[in-house]
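K.L.:
Mind having a look at this structure? Questions to follow.
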Amino acid sequence: MEQNIGKDGLPGNAHRELKPGEEYKPVMPANMKFPEVTPYSVFMGLLMAVIFSAAAAYSGLKIGQVIEAAIPISIIAVGASAALKKKQALGQNVIIQSIGASSGVVVAGAIFTLPALYILDLEVSFYQIFFASLLGGFLGILFLIPFRKYFVKDMHGKFPFPEATATTEILITGEKGGTNAKLLIVAGLIGGLYDFVASSLKIWSEAFSSKIFGWGQQLATDMKMEFHLNVSSMIFGFGYLVGLRFSTIIAVGSLLSWFVLVPLINEVGAMVAEAGGGTNMFADMSASTIFFDYVRHIGIGAIAMAGIIGILKSSKIIGSAFGLAVRSLKGGGGDDANAERTQKDLKMTFIAVFSVLTLIAIFLFIFLGVEVTFVQALLAFITVGVISFLFTTVAANAIAIVGSNPVSGMTLMTLILSSVILSAAGLSGEQGMISALVIGGVVCTALSMAGGFITDLKVGYWLGSTPVKQQSWKFLGTLISAATVGAVIFVLNEAYGFVMTADHPDPMIAPQANAMAAIIKPLMSPDAQVLWVFYLVGAIIALLLNAINISPLAFALGMYLPLELNTPLLVGGLLAHFIQKRSKDEKVNKARHAKGTLISSGFIAGAAIFGVIGAVIKYLLGVMYPGTDLAKDGISVAKSIWGEAAGHGPEILALFAFIGIVVLFWFMSNKVSQKEIDEV
């Protein structure tokens with residue numbers, strides 16, 4: 001069984017649009033069978049789902065960052081297969097990654113919303129968290145499958161798929177071994193240790209700010225203008241994979257929010273205060289506060305409208321998916337029985353029937369589990385079904401473009417809409433908050449799963465896995481992940497709590513859930529004030545961008561995400577552009593870019609793995625030595641190093657460290673041998 005591994009890894013046309021009549025042939029040829037679903041791959045996948053569900057839930061609730069599980073799981077799968085000397089391990093490693101990666105997406109869906117039940121001191125039980133996560137995960141899988149062919153095959157080369165690219169590079173490099181494997185390991189160690197020093201040890205800051213300069217502080221105070229740069233090698237690596245075009249659009253969207261809208265809101269407040277003889281309510285707010293409390297809502301409106309635009313543009317795809325389901329149910333041969341192995345999905349009859357059963361289960365869960373009236377449960381059920389289905393393509397599209405799913409923004413919009421609908425149906429107070437948060441949990445998990453699963457399917461497409469096998473076993477991974485995250489949230493609430501009390505003096509931060517709780521409480525009150533104008537402004541911006549053929553979703557993501565997460569993307573995109581254009585010899589440029597792709601994948605993988613290590617170390621230290629905090633201890637070390645300059649020293653060091661790793665990346669990627677050039 002010979003695999004189609006190109007000299008530089010994947011086949012040469014893996015990342016570009018196909019020419020007329022050209023066909024992409026995956027690493028594992030479609031006309032051959034390879035071991036994929038085996039007792040080993042299923043066991044390893046489920047083990048990874050349990051481990052990473054627990055790790056991701058802890059890190060997400062503790063620091064607000066959910067570990068991207070796909071990449072570290074891929075590295076563990078490659079390492080385990082090499083240690084066990086398994087032959088033909090590539091197909092099995094894809095299954096391990098696909099099952100195990102259920103952890104991160106289910107965790108993200110759960111912790112963004114459901115801990116808010118504890119925060120609001122509402123009645124909550126394990127089964128609420130478990131079923132919201134399980135049913136939402138199932139819905140995300142089922143709603144995405146009809147769009148698999150469109151995203152992974154029909155749009156081949158049109159989306160960068162940064163996370164899928166990194167994951168695929170790891171799996172294919174592990175299969176090839178040799179020099180590429182060594183480079184990936186070296187890059188992983190560099191990126192992992194670099195991020196670990198900043199995020200876990202705090203020897204230098206995770207972000208650089210213009211406020212460390214006198215003029216920067218003055219601008220921030222008077223005009224609310226600040227520049228931020230996250231120095232993470234992971235985000236910088238994502239920028240390289242995203243490329244210049246999309247990273248520029250995202251960065252410009254972010255610059256609009258931080259250098260136009262934030263200062264504008266402050267200035268309007270000053271003008272109104274001066275005219276009315278009052279005080280400017282924004283004067284004492286930082287630029288970050290204005291962004292998160294006001295401007296970010298414009299980004300949410302833009303994301304929602306970008307989603308609607310995407311839905312309208314995909315209407316034919318959505319219509320064909322419905323048509324295929326109807327023909328299958330009528331026995332009209334909607335499923336292609338003659339499809340080649342690498343294009344076989346679950347039968348549409350199964351998808352349609354199982355989707356209906358899942359939706360019925362969601363209705364019963366809301367009706368019986370939340371104890372609302374039949375009409376209220378019906379409205380909640382319709383809200384879940386419609387929003388989950390329509391936003392499925394938005395989540396997949398976002399992952400395909402930037403590797404980042406705006407699930408919290410879409411969930412926030414879901415909470416607002418469901419609260420308005422349920423309030424109109426006479427549901428408010430505690431039962432209203434429980435209902436809205438459960439709905440949000442289901443939708444959030446569905447959209448998180450849709451975005452994460454499209455990564456798995458794209459990896460499978462590039463490598464030649466059988467989609468129906470990935471799809472079938474994804475349900476089991478979701479079941480195990482939902483049970484694990486439900487247990488972890490329950491245990492963490494008992495151990496640490498999510499609200500500061502006498503029993504829990506140092507609670508889990510759970511920033512997303514706290515934000516959802518802060519929003520849902522006033523919405524379920526008669527005098528709720530919703531920032532509809534901000535959402536409308538964002539929607540209009542998205543419409544205008546679409547009119548001039550600029551990706552409204554990428555721009556909206558930039559408006560919604562903090563500036564510090566978008567600026568390193570642009571640095572990575574610029575570097576990718578210069579590396580690809582530096583030489584007049586196209587083969588040299590391709591060799592350098594291929595090497596850069598491998599290095600950036602290593603950075604992302606290393607940072608993800610060391611992120612898990614950091615979370616585990618923090619947890620173990622906290623258990624064995626109560627009161628110990630690795631980050632605080634790291635800050636203490638930093639202060640001892642910097643002395644009186646500790647306030648700005650770590651940020652200055654962060655900037656130099658970032659410049660250093662960018663320069664290192666440049667030299668590593670540009671250093672290509674004649675053999676590497678000839679192999680392109």
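K.L.:
Indicate the gyration tensor shape class of segment 200-257 (rounded, prolate or oblate), computed on the Cα atoms with a ≥ b ≥ c the square roots of the eigenvalues: a/c under 1.5 is rounded; otherwise a/b larger than b/c is prolate and the rest oblate.
P.N.:
Here segment 200-257 falls in the oblate category.
K.L.:
Could you tally the net charge around Ser583, taking each other residue with its Cβ under 11 Å from the Cβ of Ser583, Lys/Arg +1 and Asp/Glu -1?
P.N.:
Around Ser583, the surrounding residues sum to +4.
K.L.:
Once neighbouring chains are kept in place and the probe is 1.4 Å, which whole percent of the accessible area of segment 523-603 is contributed by carbon and sulfur?
P.N.:
Carbon and sulfur: 62 percent of the exposed surface of segment 523-603.
K.L.:
If you take every residue apart from Pro39 with its C-beta less than 15 Å away from the C-beta of Pro39, what net charge results, scoring Lys and Arg +1 and Asp and Glu -1?
P.N.:
With Lys, Arg at +1 and Asp, Glu at -1, the neighbours total +1.
K.L.:
Here is a further query. Considering all projection directions equally, how large on average is the shadow of the alpha-carbon convex hull of segment 364-474, in square nanometres?
P.N.:
Values: hull surface 29.8 nm².
Average of the hull's projected areas for segment 364-474 equals 7.5 nm².
K.L.:
Another question, if that's okay. If packing is taken as the mean number of other Cβ atoms within 10 Å per residue, what is the order of 376-385, 143-152, 265-274, highest first? Write down the numbers at each step before the final one.
P.N.:
Numbers: 376-385: 20.7, 143-152: 23.1, 265-274: 15.4.
In decreasing order of mean packing, 376-385, 143-152, 265-274 become 143-152, 376-385, 265-274.
K.L.:
Show me the ranking of peptides 546-552, 74-80, 580-586 by mean Cβ neighbours inside 10 Å, starting with the highest.
P.N.:
74-80, 546-552, 580-586
K.L.:
How large is ³J(HN,Hα) for each residue in segment 135-142, as worked out from phi by the Karplus curve 6.51 cos²θ - 1.76 cosθ + 1.60 (θ = phi - 60°), to whole Hz, x for Gly and Pro?
P.N.:
Coupling constants for segment 135-142: 5, x, x, 4, 5, x, 5, 5 Hz.
K.L.:
Hey, what D do you get for segment 542-615 in µm²/s if you plug the Kirkwood alpha-carbon radius into Stokes-Einstein at 25 °C and 0.890 mPa s?
P.N.:
This corresponds to a translational diffusion coefficient of 164 µm²/s.
K.L.:
Let's test this: bin the Cα-Cα distances of segment 92-145 at 10 Å from zero up to the farthest pair and state each bin's percent.
P.N.:
The percentages, shortest bin first, are 20, 46, 24, 8, 1.
K.L.:
Going down the list Lys85/Lys149; Lys86/Lys671; Lys33/Lys347, which pairs span over 28 Å between their C-alpha atoms?
P.N.:
Exceeds cut-off: Lys85/Lys149; Lys86/Lys671.
K.L.:
Using bins 10 angstrom wide from zero, how does P(r) for segment 432-502 break down, in % of all Cα pairs?
P.N.:
Computed distribution, short to long bins: 16, 34, 29, 15, 5, 1.
K.L.:
Separate question: Any chance you could look up the accessible area of Phe138 with a 1.4 Å probe, heavy atoms only, rounded to 10 Å²?
P.N.:
Roll a 1.4 Å probe over it and Phe138 shows about 30 Å².
K.L.:
How much of the accessible area of segment 161-312, in percent, comes from carbon and sulfur atoms when a 1.4 Å probe is used?
P.N.:
Reported share for carbon and sulfur atoms: 68 percent.
K.L.:
Let me ask something else. Over the Cα atoms of segment 19-160, what radius of gyration and what Dmax do you get, in Å?
P.N.:
Computed over the Cα atoms of segment 19-160, radius of gyration and Dmax are 18.3, 61 Å.
K.L.:
Can I ask one more? Would you work out if segment 99-233 is rounded, prolate or oblate? Take a ≥ b ≥ c from the square roots of the eigenvalues of the alpha-carbon gyration tensor; rounded if a/c is under 1.5, else prolate when a/b is larger than b/c, oblate otherwise.
P.N.:
Since a/c reaches 1.5 but b/c is at least a/b, the shape of segment 99-233 is classed as oblate.
K.L.:
Highest mean first, how do 350-360, 15-25 rank when packing is the count of other Cβ atoms within 10 Å averaged over residues?
P.N.:
In descending order of packing, they fall as 350-360, 15-25.
K.L.:
Next up: Quick check: at a probe of 1.4 Å, how many percent of the accessible area of segment 416-456 sits on carbon and sulfur atoms?
P.N.:
Ligands and nucleic acids excluded, carbon and sulfur reach 62 percent.
K.L.:
In addition: Using alpha carbons only, how many angstrom separate the centre of segment 235-286 from the centre of segment 347-384?
P.N.:
One Cα centre to the other: 40 Å.
The values are calculated or read from the model by the stated rules, or taken from the named source; none is laboratory data. All figures in this text were calculated on a predicted structure; none of them were measured in a lab. Please note: Cβ atoms are built from the backbone with ideal geometry, for glycine as well, and neighbour counts cover all protein chains shown. These area figures cover heavy atoms from the full protein model, side chains too; ligands, DNA and RNA do not enter into them. Shrake-Rupley method; radii C 1.70, N 1.55, O 1.52, S 1.80 Å.
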